[in-house]
1. Could you give the angle, 0 to 90 degrees to the nearest 10, between helix 368-387's Cα long axis and the longest principal axis of the Cα atoms of the chain?
2. Round to the nearest 10 and give me the degree value, 0 to 90, for the angle of helix 51-65's Cα axis relative to the longest principal axis of the chain.
3. Counting each DSSP H run of 4 or more residues in the chain as -39500 (n - 2.57), what helix-only mean residue ellipticity at 222 nm follows after dividing by all residues, to the nearest 500 deg cm²/dmol?
4. Students often get this wrong, so try it: which of [x] 64, 48, 42; [y] 59, 56, 40; [z] 82, 61, 51 is Cα extents along the principal axes in Å as calculated from the structure shown?
5. Order of 226, 127, 255 from fewest to most other C-beta atoms within 10 Å?
6. Based only on other Cβ atoms within 10 Å, what is the fewest-to-most ordering of 351, 345?
7. With a cut-off of at most 11 other beta carbons within 10 Å, and DSSP calling the residue loop, which chymotrypsin sites (Phe, Trp or Tyr not before Pro) in segment 62-127 qualify? Please list them.
8. With unit charges on the beta carbons (Lys and Arg positive, Asp and Glu negative) and the dipole taken about the Cα centre of the chain, which residue among 318, 107, 405 sits farthest to the positive side?
Amino acid sequence: MLHPIVMVAMLVVIVLTFLLPRKYLIVPLLLSTFLIPQGQQFFVAGVHLFVLRIIVLGGLIRVLISRRSPEEPLLAGGFNSVDKAFLLWACLHALAFTLLYQEMGAVVNQVGYLWDGLGGYIILRFMVRDQEDVQRAIRCFALLAIVLAICMVREQRTGQNIFGLLGGVVANSEIREGRIRSQAVFQHSLLAGSFGATVIPLFVLLWKSGKSKFLAITGAVGATVMVATASSSTPVVAWIAGLVAAFCWPLRKRMRILRWGAVALLLSLCLVMQAPIWFLIARVSVTNGSSSYHRAMLVDQFVKHFPDWWLLGTNQNQTWGNDMWDTSNSYVEEGETGGLAAFLCFLGVICWSFARIGTARTSSEDDREKQWVLWLLGAALFAHAVAFWGISYFDQTRFAWFALLAMISAMTAPLLKPMPILQEQRGGANRAVPNRNYRPSVPINAKTPVLYHKFPK
């Protein structure tokens, strides 16, 4: 049930949501999301109202009543390809799940799912609009990483989760192979470690910006401590992936070669391996008691039982084998709970995010600072894509994922915006010409897309 401290914090956040200027709204949202256990809730007329959903509802109301100029879109840069894929993914997932179970409980469950998912995404897209907003959000993540790391270290020493005193998370830490798996405010240690792993590239971005360097360094230390105290392989692998991607900066002009080289390597392994290629996952084991083989078997059964889940997902996966109900893989989870359409839209969110980063980076070759920002956002996106192989986000970790997508849209929008067109009257005919007085936020070079519209004579 709802703890009095949590109730006071919730009321403060809701008041701030309506009083603060838009650019500061991200601060109370992120701090409350990652410091209040998700299990904190009201119980009204048989319905569970989680604190996070109340905060999201307040944020949506603020979005609707906010005053904007007619030229300013609701979402930074307008409704883009990532937004479309995200909207389709959320709606198709909810529809498939509801049709699969055909029960009122499934409808209520998916209303809450859309409330969290679409609501949280829209709020973050509304709040994160430029580079200043991006850095403000990253500073919040750095502060959170420091606080959560301290709590997780305490958990290692005492075996007690301090957030368990509030309720909504377990009070006694999980122990595997003699090691305590700290989880802090999160619903599982894997999620705690994955949060720390995926924000590391963002702290590199904050450090490269030249502002808040001390906060960036301490945040990176805190995030690394979170990865270590979670005592799980998935966060460690995601942490390595994010850093490797960040330090591949010198290879940025050879990414096409690297991508096709990776494809060629995987195809070559398919020819020489006796087991399917996805059993490489079983060989990734960093900590004692790692369940990497289980994750390889998840993918294997997912592929073999394609006819069972492609239409609406499945609720029979527990019959596929031992512990196959434990879908600790985001890609498998999306297919088994939403069907093929939702699975492809989930992949589309990731792919179009990478595509926007790549196209925007090509359009800003003369601006090294912008190039670094985009590259490190791509590194954070890659860290999430790797973490998805080992865990499915089902708590407030989703908001770290939504925030990253919002950052990518905000930072790529100015670079993908075409040059405005003016209509010129010459010799009795209308002709479309570029607006030479236009001054974009970044230099225009030969590779920047310029759109021309035809006008009738």
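Laboratory data are not the source of any read-out in this text; all were calculated from the coordinates shown. In this text the structure is predicted, and so the values were computed from the model without any measurement. Ideal geometry is used to build each Cβ from the backbone, glycine not excepted, and the neighbour counts take in all protein chains shown.
1. Computed tilt is about 30 degrees.
2. Helix 51-65 sits roughly 10 degrees off the main axis of the chain.
3. On the way: 16 runs with 273 residues, N = 457.
Value at 222 nm, helices only, nearest 500: -20000 deg cm²/dmol.
4. [z]
5. Working: 226 32, 127 25, 255 13.
In order of increasing Cβ crowding within 10 Å: 255, 127, 226.
6. Numbers: 351 15, 345 21.
Going from sparsest to densest Cβ surroundings: 351, 345.
7. On the way: sites: 79, 86, 89, 97, 101, 113, 115, 121, 126; in loops: 79.
Counting only loop positions with at most 11 other Cβ atoms within 10 Å, none of the chymotrypsin sites (Phe, Trp or Tyr not before Pro) in segment 62-127 qualifies.
8. 405
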